[in-house]
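Worksheet for the structure shown next.
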Amino acid sequence: MIISRTPFRISFFGGGSDYPDWYENNNGQVLSTTINKYCYINIRYLPNFFNYNYRIRYYKTEEANKISDIEHPVVREALKYYSIKDGIELVHNADLPARSGLGSSSTFTVGLINTLHALKKEIATKRVLASSAINLEQNIIKENVGSQDQVAAAFGGFNNIKFTKNNFQVNQLPLSKNRIKELEGNLMLFFTGFQRSASNIAAKQIKSIKQNKIDLSNSVSLVDEGIDILVKDKKIDDFGKLLDEQWIIKKNYSDDVTNENINKIYKTAINAGAIGGKLLGAGGGGFILFYVKKKYQISVRKSLKNLLYVPFEFESNGSQIVYFSNQ
């Protein structure tokens, strides 16, 4: 039995520049971190006394005799790609809901690939995990996804991830523990209660990349500004102001990024003391992040009392095999 643990991510700046349609012709980069909320994949070879060969459990349970009969596209195509011949049982659990803006789909893919390598008694590097997940999602399944989520989930940590044609580079920010804690302590994460299909929203954003060139270029520039604030120990509250700038830019990507309910949530938090924030992921719902000074955090929580508040910490390990047994 093998269990992988793979972190979800929070993306601050540069979202949208990680789509191949952008970075194959322009430089793309994001500033993101992984957090201590995880996706768990439990996998084992299935004993041969069952009347099926594959049992896959996520929000539903599948039992199939052939890989081609598995409905879950990532599981089906990953088992094909890695030539898994024997029957397997796979169980997925997560600390946070899917389709919520924290890169859950790619986190699942990275965790699954990690377990499949381990199942074959192989150790996959973080770059292999990220590259394989990008290839599986973008080229094999043909999903409308960018490339930052796979890299963040595989590598972990607080990183500036740069994208160029056929390549990516991960630069961990040289931040002290005190600086990390300072930023971490001013961030608040809330679940809007709305789940959505990121792929549908992303498809519209990809189609509009050319007309959004100025906005995407500005978003890429915010990455450098955010790094400058953190690394050079500038006023930390300026990071919150940048989040507000990113949110203004992001709303221009497509009409599906936000809606009346989300705008109301954002305005309510700002009125209660938040300096800035942004909806995470492609948009349309999921989790929303706010930068709030500690003295205003109780006020913000009260103003958003109908939303689920999710405390978190940054993490730096990325996808890991946390349990391995030949039994």
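The values are calculated or read from the model by the stated rules, or taken from the named source; none is laboratory data. Keep in mind the model is a prediction, meaning the values are calculated, not measured. Here the Cβ is made from the backbone with ideal geometry for all residues, glycine too, and neighbour counts use every protein chain on show. Side chains included, ligands, DNA and RNA excluded: accessible areas come from the protein's heavy atoms. Shrake-Rupley method; radii C 1.70, N 1.55, O 1.52, S 1.80 Å.
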Checklist entry - Out of (1) surrounded by fewer than 16 Cβ atoms within 10 Å (Cβ to Cβ); (2) free of Cβ contacts under 8 Å to residues at least 12 places away in the same chain, the odd one out for residue 76 is which? => result (1)
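Residues are listed down the side, and each one gets a yes or a no for (1) surrounded by fewer than 24 Cβ atoms within 10 Å (Cβ to Cβ); (2) touching a Phe, Trp or Tyr at 6+ places or on another chain (Cβ under 9 Å); (3) not hydrophobic (A, V, I, L, M, F, W, C):
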| site | (1), (2), (3) |
| --- | --- |
| 15 | no, yes, yes |
| 66 | yes, yes, yes |
| 80 | yes, no, yes |
| 83 | yes, no, yes |
| 98 | yes, yes, no |
Item to check | Test result for residue 38, buried (at least 21 other Cβ atoms within 10 Å of the Cβ), modelled with pLDDT of 95 or more and closer than 22 Å to residue 172 by Cα | outcome: yes
Checklist outcome for this item: Here, strands (runs of 3 or more DSSP E) confined to the stretch 1-77 with at least 2 residues that are closer than 19 Å to residue 133 by Cβ are 2-13, 28-45
Checklist entry - List pairs: first in the stretch 126-145 and more than 20 Å from residue 15 (Cα to Cα) and touching a residue at least 60 places away in the same chain (Cβ under 8 Å), second in a helix (DSSP H, G or I) and not hydrophobic (A, V, I, L, M, F, W, C), Cβ under 7 Å, 6+ apart or cross-chain? => result 129/114; 136/77; 136/81; 136/109; 140/77; 140/81; 141/73; 141/77
Next on the checklist: Suppose we filter the stretch 274-310 for residues that are among the charged types (D, E, K, R) and either surrounded by 24 or more Cβ atoms within 10 Å (Cβ to Cβ) or within 23 Å of the chain's Cα centre (by Cα) (or both); how many remain?
Outcome noted: 1
Checklist entry - Picking from 109, 115, 33, which residue would you name as being surrounded by 19 or more Cβ atoms within 10 Å (Cβ to Cβ), in contact (Cβ under 8 Å) with a residue 24 or more places away in the chain, over 30 Å from residue 308 (Cα atoms) and of a type in the set (Ser, Thr, Tyr)? => result 115
Checklist entry - Of all residues in the stretch 233-248, which are within 23 Å of residue 208 (Cβ to Cβ) and open to solvent by 20 Å² or more (accessible area, probe 1.4 Å)? => result 244, 245, 248
Checklist entry - Just checking, how many residues over the stretch 311-320 are crowded, with 18+ Cβ neighbours inside 10 Å, in contact with a helix residue (DSSP H, G or I) (Cβ under 8 Å, 6 or more places away or on another chain) and of a type outside the set (Phe, Trp, Tyr)? => result 2
Item to check | Among (1) open to solvent by 20 Å² or more (accessible area, probe 1.4 Å); (2) at positive phi - the single one residue 157 does not satisfy | outcome: (1)
Checklist entry - Within the stretch 121-132, restricting attention to residues that are in a helix (DSSP H, G or I) and of a type in the set (S, T, N, Q), which residue is surrounded by the fewest Cβ atoms within 10 Å (Cβ to Cβ)? => result 131
Checklist outcome for this item: Of the candidates 114, 135, 160, 139, the one satisfying the condition of being among the polar types (S, T, N, Q) and in a strand (DSSP E or B) is 160
Next on the checklist: For residue 4, only one of the following conditions fails: (1) open to solvent by less than 10 Å² (accessible area, probe 1.4 Å); (2) of a type in the set (Ser, Thr, Tyr); (3) farther than 19 Å from residue 326 by Cα. What is its number?
Outcome noted: (3)
Checklist entry - Scanning for something modelled with pLDDT of 95 or more and assigned to a helix (DSSP H, G or I), does the stretch 86-94 turn up at least one residue? => result no
Item to check | Flag for residue 24 being open to solvent by 70 Å² or more (accessible area, probe 1.4 Å), of a type in the set (Asp, Glu) and out of contact with any helix residue (DSSP H, G or I) (no Cβ under 8 Å at 6 or more places or on another chain) | outcome: yes
